[in-house]
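Engineer: This is the structure, below, for whatever I ask next.
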C-alpha cells in the first residue's frame, strides 16, 4: 500500500543501557491479568448491567418488526397501546442501566488507574537507587507524567468501553441469529474487509506508537536536562548544541506523529466502508429471501435495525482498541520497572562495625570508560572526611559508591567488613545516608515532610531537628506551624528552606555514616558556614564524608582526600596538605585569593 512510510530510524528513542526498560508483551499481559483479578467483581457487575442495557435496547427493533409483520399479515388488532407501553418500559430500563454502565465503568477505570499509579511508585521506590539515577530525569518524568496521563483516559474509559462494546456486539449478533440466521450470515460478508483493514493497521500501529512515545520521552529528557543544567550550558557555551539536539528530537517525534496519524486516516474510511457493506448485504439478502417467501418482512425489518445497531459497538470497539494501542505502549513503559530486579540483597550480610573501606575500586558509567581507577580509602568511625578536587574528577561518584548507591565495576566497598553491594538496600539506608543538591518538598504538611525520615517522631523531636539546621526560626513564624501545608498548592518554600528540610530529615533519620554532596550549596556562603558548624555539633561522633567545593568545609575536616582524574592524589589533614605544597595547597591559595 502506497502511503507515508515510517521514519527510517529513531534517533530520539533511548538506546543506551541506562534508560529504564520497556516491559515485554508477557509482562504487560501478566500485569493486566493481575489487575482484572483484583477487580473481577466490579468487572462482572459491569458486564451484567451492560447485558441488561443491551437486551433492553433490542426490544424496540423486535416490537417494530412484530408490528410490521402483523400489518403484513392483515391483522386488524394491532394492540398499539401494549406495544407502546412495552417500548417505553424497555426505554426506561435501558436508560437506567446505561447510566449504571457509565457509572460502573468510570468507577472501575478510576480504581484500576489508582492501582497502576500506586504499583509504579511502590516498585520505583523499591528499585536500587543507582538504577533510577542512571536512568536520568527525563525518562522517569516522562513515564510518571506523560505515560500516566495517556493511561488515565484508557483506564477511565477505554478498558470499560471496550468490554461494553464487545458484549454489546456479541449480544446483537446473538439476537440476529435468533431472529433470522441468514441475515447474520449476510453481516459476515463485511468481516473480511474489516479484518483486512484492521490487520494492516494493527500490524503497524504498536511499533509506531511505541516509537512516538519514545520520541516524546527523548524530547522531554533533552528539555529537562537543558533547563536543569542551564547555568552549566551557558558557562560552556553549549546553547546552540542543545538547541540543535532538541530540534532533532522534535523532528523525529513529529515524524512518528505524522506516521501514526496517516495510519488512522486509512483505518477509519475502511471501517466506514464495512458499515455500508453490512447494511447493504442485509437488505439485499433479506429482500431476496422476502421475495421468495422464505423470510417475513417483519423479521427483515428487525434484522435490518439490529444490523444497523451493530455500527455503534463496532465503532466503539475500534475507537477504544486504538486508544488501548496507544495506552499499551505507555503501560509497557510503566510496567517495565517490574523487569528490574529489586536488588533484595543477602539478608545474612550485615556490618560488624562502622569503618568504611574502599579497596581497589574501579567504576564507570559506560563500558570501557572508567571514572574511578583503583581507588583505595579507609574511613575510621567518627571521622570527618572531605573530598576535594576539580569538577569531573570523580568526587560525587566516589561519594555514591561509599553510600552504596552504585556497585563498583572492580574492587569492593565495605561497611564494617560487609560489602555494601551485597546488603539489602533498606539495611544500607539504615546505616548510611546520602544527601545531595537535589531536595524535594512533598505535597502535605511540614510535619508530614519531616516524618518521612522517622514515622514515630513527636513534635518536640521535629522542632529539635529543625533547630539543628537553623530552620526553626522561619518554621515557628508560620501561621500553622508544623501543620502548614507546603509544596504544590500550599506554601512555596525557597530552595534554601527546602534544603534545610532535607537536612532536618537527615537529623531525624540519625544514620551513623553520612555522605554530603554539596548539601548546603543552595545557601549563601555565610549561612552555609553557620549551618555546617551547627550540623557538626549535632553529628558529632558520626562518620561524615563531605564532597566540598567550598574549601572551608575541607578546612574543618579531619582528613582531606584530593581526587584528580579518577584517583586519590593526596590524603591528609588540612595543615599537612598545605605544608606539602601540592594540588590541595594550590586550591587553598586560589580559594583565599
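The numbers here are math on the coordinates, done by the rules we state, and not lab data. Everything numeric here is computed off the predicted structure, so don't read it as measured data. Virtual Cβ from ideal backbone geometry, glycine too; neighbours counted across all protein chains shown.
Engineer: Rounded to the nearest 500 deg cm²/dmol, what is the calculated helix-only ellipticity per residue at 222 nm for the chain, with -39500 (n - 2.57) per DSSP H run of length n ≥ 4?
Structural biologist: Details: 24 runs with 360 residues, N = 593.
After summing the helix terms and dividing by residue count, I get -20000 deg cm²/dmol.
Engineer: If I fit a long axis through the Cα atoms of helix 25-38 and take the longest principal axis of the Cα atoms of the chain, what angle between them do I get, 0 to 90°, rounded to 10?
Structural biologist: 80
Engineer: Follow-up. Using only Cα atoms, find the angle between the long axis of helix 80-125 and the longest principal axis of the chain, and express it within 0 to 90 degrees, rounded to the nearest 10.
Structural biologist: Once rounded, the angle reads 20 degrees.
Engineer: Within 10 Å of each residue's Cβ, count the other Cβ atoms and sort 549, 231, 275 from fewest upward.
Structural biologist: Values: 549 14, 231 8, 275 17.
Lowest to highest Cβ neighbour count: 231, 549, 275.
Engineer: Oh, and also: What's the exposure ranking of 236, 574, going from fewest to most Cβ atoms within 10 Å? Please list the in-between numbers first.
Structural biologist: On the way: 236 10, 574 19.
Ranked by crowding around the Cβ, least crowded first: 236, 574.
Engineer: If you take every DSSP beta bridge fully contained in the chain, what fraction is antiparallel? Give it as a percent rounded to 5. Could you put the intermediate results ahead of the total?
Structural biologist: Details: 20 of 38 bridges.
Rounded to the nearest five, the antiparallel share is 55 percent.
Engineer: Next up: Tell me the relative contact order for region 380-520 as a rounded percent, counting alpha carbon contacts under 8 Å between residues six or more apart.
Structural biologist: On the way: 159 pairs, mean separation 46.4, N = 141.
Result for region 380-520 is 33 percent.
Engineer: Specify the angular offset, from 0 to 90 degrees and rounded to the nearest 10, of the alpha carbon long axis of helix 40-57 from the longest principal axis of the alpha carbons in the chain.
Structural biologist: With rounding to tens, the tilt is 30 degrees.
Engineer: Here's another thing I want to ask about it. Given a cut-off of under 8 Å on Cα pairs at least six residues apart, what relative contact order in percent is computed for the chain?
Structural biologist: Values: 877 pairs, mean separation 97.2, N = 593.
The value is 16 percent.
Engineer: Then there is this: Which whole-number percentage describes the relative contact order of region 25-339, with Cα contacts under 8 Å and a sequence gap of 6 or more? Please list the in-between numbers first.
Structural biologist: Details: 317 pairs, mean separation 106.0, N = 315.
Relative contact order of region 25-339: 34 percent.
Engineer: For a footprinting-style exposure proxy, rank 503, 452 by other Cβ within 10 Å, fewest first. Numbers along the way, then the final one.
Structural biologist: Details: 503 26, 452 14.
Arranged by neighbour count, lowest to highest, 503, 452 become 452, 503.
Engineer: Now a separate question. The list (1) 1.00; (2) 1.14; (3) 0.96 gives values of Rg/Rh (Cα atoms, Kirkwood Rh), and only one came from this structure; which label was calculated from it?
Structural biologist: Recomputing Rg/Rh (Cα atoms, Kirkwood Rh) here gives the entry labelled (2).
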